[in-house]
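This report concerns only the one structure given below.
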């Protein structure tokens, strides 16, 4: 499972270079959601690979995903 997650992350990072801005935003948002389950070391790697233009999309989706996880913990 760990290797599959790592492969998915690398694929998303590679796709941040896509020509289409909407595609890049989508991949940055996907990375944000996945990042809520990463170790600090892997999280740093994702952040360092993130182009400046995609930071907002990444952090916005990360924040939303983390908030949803917290809500689930409170409810249960």
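Every read-out reported here was derived from the displayed coordinates using simple, explicitly stated rules and does not represent laboratory data. Since we're looking at a predicted model, the values are computed, not measured. Here the Cβ positions follow ideal geometry from the backbone for every residue, glycine too, while neighbour counts run over all protein chains shown.
List of remarks:
- Convex hull volume per residue in cubic angstrom - Cα atoms of the chain: 87 Å³
- Ranked packing of 50-56, 68-74, 37-43, most packed first, by mean Cβ within 10 Å: 50-56, 37-43, 68-74
- Computed [θ] at 222 nm, helices only, for the chain once each DSSP H run of length n ≥ 4 contributes -39500 (n - 2.57): -26000 deg cm²/dmol
- Chain lengthening between residue 8 and residue 49 when straightened (0.36 nm per residue, less Cα-Cα): 13.4 nm
- Among 21, 34, 13: highest mean-square fluctuation, GNM of the chain, C-alpha pairs under 10 Å: 21
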